[in-house]
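The values are calculated or read from the model by the stated rules, or taken from the named source; none is laboratory data. What you see is a predicted model, and the numbers here were worked out from it, not measured in a lab. When we count neighbours, we look across all protein chains shown, and the Cβ atoms used for this are built from the backbone with ideal geometry, even at glycine. Only protein heavy atoms, including side chains, enter the accessible area calculation; ligands, DNA and RNA are left aside. Shrake-Rupley method; radii C 1.70, N 1.55, O 1.52, S 1.80 Å.
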Amino acid sequence: MTDRKVTGFEPVHIAGIATTHWLPEQHAVVDELVYRAVADALESASLNRHEVGLTITSSMDVYDGRSISSGLTNSASGGYLTDSYRLESDVGTAIVAAAQAIAAGDVEVAVAVGAYNPESATRDGERRAFLEQLSNYAFDAHFARPLGLTAQATYGLHAAWVTEQQGVTLEQLAQLASREITTASGSPRSMRTHAVGPEDVLASPLVSWPLTELMLPAYSTGAAAVVLASPARAARANSRGAVITGVGHSTGAYLETEEWLRDPGASSARAAAAAYRTAGIPDPAGAISLVEFTAPTTSLYDPILAALGIDKDLPLESINPSGGAAGNYPGLANGALRLLEVVERLEQPAHAGSTAVVHSVDTITGTAVLDSTVLVVEGA
C-alpha cells in the first residue's frame, strides 16, 4: 500500500464481489438478477444475510418499467428488515455511499448492488431506439428538455466538436477503438470477442455522426454486487485482496452551460480530486499504477483520462487492461464491473501492494449532467 496522509476516512475492505452472466438481454427479471448477484457475493465472503447492516441498490424506474421498482429488489438485495435504500445512478455511487457508512462506523457490513436489464419488448435496432427515447425523458422536463436530444446525440456532438475544433481525426478515434476492442476480445466478460482493425471500426454502422457503432460501448445487461466490510469484520471473513482507501463523487453541469460539450471530464476531475483527498494522496500521477475508467466514446477517452490526473506515461497495459467499456458496458452495474477488474489484478503478484483508480459514469443523459464516481483501491 502506498504512503498516505492521515484523513478522516478509514479504509474499507472489499469482502466479496459477484456478477451475473452478461448478456445482450436477460430473460430473468431484475429482482432475480439482484438476488443471484448478492447471494453469490455474500457466499464468496463467507457472510450471511443477517450480518448485513445496510443495502444500497442502483437502478432506475424508467429502465425497470415500473414505479418504485426497488420494492421488488429490496428483499432480493438482503434489505428485508434492515436499512436499505435505492439510488438512481451508476452502482459506483452506491459503493461510495456504502463505504462511507462503514467508514463512519454506522455499520460493519454493507452491500452495494447495481442492476440493469431494461424492460422492453423491442429487439436489436428498435431496442436502441427505445433506450434513446428513455434517455430523452431523463432530461429536465420543466427547464431543459431539448427536442430530440439523447445520450448518443450528445456523444456525436462532442465527437464532432473534437474533430472540427481540436484537430482529432476519425482515423485516430478508430485506432483507439480498435486497440480497446482488441484488448477486450481476450476477456471472458467481453461482449466483443474478436479483434478489429481501424478499418473495421470506420466501416461499422454510423450511429451519431461522426461516431460509428464500434466507437461506442459494448452494451450488456445483468447485475453486480459488492460486499464491503470494516477492517475488524473483514478479518473474520473470506475477503478479497483489496481495500477502498478513497472515494469521490460529482455531478456535471446542466445544458445551459457548455461544460457538457467543451469539458465533459469536469465532473470526473472533481470526483477524482475528492477521492485523492480522501485517500491522502497528494500526487496521484506518482502513486497510481493501474486504472479502470469509463469512456462512453473514443472521443471522451483522452478528456476523462486527463481528468483523473493519471501519469500520461503509464504503460498501456495498466490503463483499462480489460478493454473498458469498449468490451463490456453493463449500464448501471458498470461501476462494480470496473471494480472487479481492478481487484482481480491487485490480487496478482505483479500488482501486489499497488494503488489503482476505478472510475465510472452514469450515461443516461450522455455528456450532460455526467454523474461520475472515483474509487481509490489498494492491494491488501
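Give the residue from Ala203, Ser70, Thr182 lying farthest towards the positive end of the charge dipole for the chain; charges sit on Cβ (+1 for Lys and Arg, -1 for Asp and Glu) and the dipole is referred to the Cα centre.
Highest projection toward the positive end goes to Ser70.
Taking the alpha carbon gyration tensor of the stretch 215-290, what are the square roots of 5 times its eigenvalues, largest first, to the nearest whole Å?
They are 30, 20, 13 Å, listed from largest to smallest.
Please compute the alpha carbon radius of gyration of the stretch 282-374, then divide it by the globular-protein estimate 2.2 N^0.38 Å. Two decimals is fine.
1.04
Mind jotting down the distance between the C-alpha centroids of the stretch 38-81 and the stretch 95-120, whole Å?
9
If I compute solvent accessible area with a 1.4 Å probe over the protein chains, what percent of it on the chain is carbon and sulfur?
52
Listed highest first by mean packing, meaning other Cβ atoms within 10 Å per residue, what order do 209-216, 168-175 come in?
Descending mean neighbour count gives 209-216, 168-175.
On average, how much area does the Cα convex hull of the stretch 222-366 cover when viewed from any direction, in nm²?
That works out to 9.4 nm².
Would you mind pulling out the separation of the Cα centroids of the stretch 243-260 and the stretch 315-339, in Å?
Value for the Cα centre distance between the two parts: 19 Å.
Viscosity 1.306 mPa s, temperature 10 °C: give me the Stokes-Einstein translational D for the chain in µm²/s, with Rh taken as the Kirkwood radius over C-alpha pairs.
Calculated translational D: 77 µm²/s.
Given +1 on the Cβ of Lys and Arg, -1 on the Cβ of Asp and Glu, and no further charges, what dipole in debye does the stretch 120-186 carry about its Cα centre, rounded to the nearest 20?
160
Please work out the average accessible area per residue across the stretch 215-316, using the 1.4 Å probe convention, and give it in Å².
35
Before I look further, what does the stretch 119-205 give for accessible area per residue, probe 1.4 Å, in whole square angstrom?
Per residue, the stretch 119-205 has an accessible area of 55 Å².
How big is the Cα convex hull of the stretch 168-207 in projection, averaged over all directions, in nm²?
Mean projected area for the stretch 168-207: 2.9 nm², to one decimal.
Can you give me the accessible area per residue for the stretch 330-380, using a 1.4 Å probe, in Å²?
With all protein chains present, the stretch 330-380 gives 19 Å² per residue.
Taking N as the number of residues in the stretch 1-160, what is its alpha-carbon radius of gyration divided by 2.2 N^0.38 Å?
The stretch 1-160 yields a ratio of 1.21.
Would you mind working out the magnitude of the charge dipole of the stretch 234-301 relative to its Cα centre, with +1 at each Lys and Arg C-beta and -1 at each Asp and Glu C-beta, to the nearest 20 Debye?
Dipole size: approximately 440 debye.
Could you list log10 I(q)/I(0) for the stretch 144-267 at q = 0.10, 0.22 Å⁻¹, which the Debye formula gives when each Cα is one point scatterer?
Here log10 of I(q) over I(0) equals -0.51, -1.25.
Roughly what % antiparallel, to the nearest 5, for the DSSP beta bridges in the chain?
70
For the stretch 275-380, what proportion of DSSP beta bridges, expressed in % and rounded to the nearest 5, is antiparallel?
Percent antiparallel among DSSP bridges in the stretch 275-380 is about 65.
Of the candidates Ala266, Ala274, Ala138, which one comes out as most mobile in a Gaussian network treatment of the chain with C-alpha springs shorter than 10 Å?
Ranking Ala266, Ala274, Ala138 by mean-square fluctuation puts Ala138 first.
To the nearest 20 debye, what is the magnitude of the charge dipole of the stretch 159-207 about its Cα centre, counting +1 on the Cβ of each Lys and Arg and -1 on the Cβ of each Asp and Glu?
Using only the charged Cβ atoms, the result is roughly 260 debye.
Could you work out the helix-only [θ] at 222 nm for the chain, with each DSSP H run of four or more residues adding -39,500 (n - 2.57) and the total divided by the number of residues, to the nearest 500 deg cm²/dmol?
-10500 deg cm²/dmol
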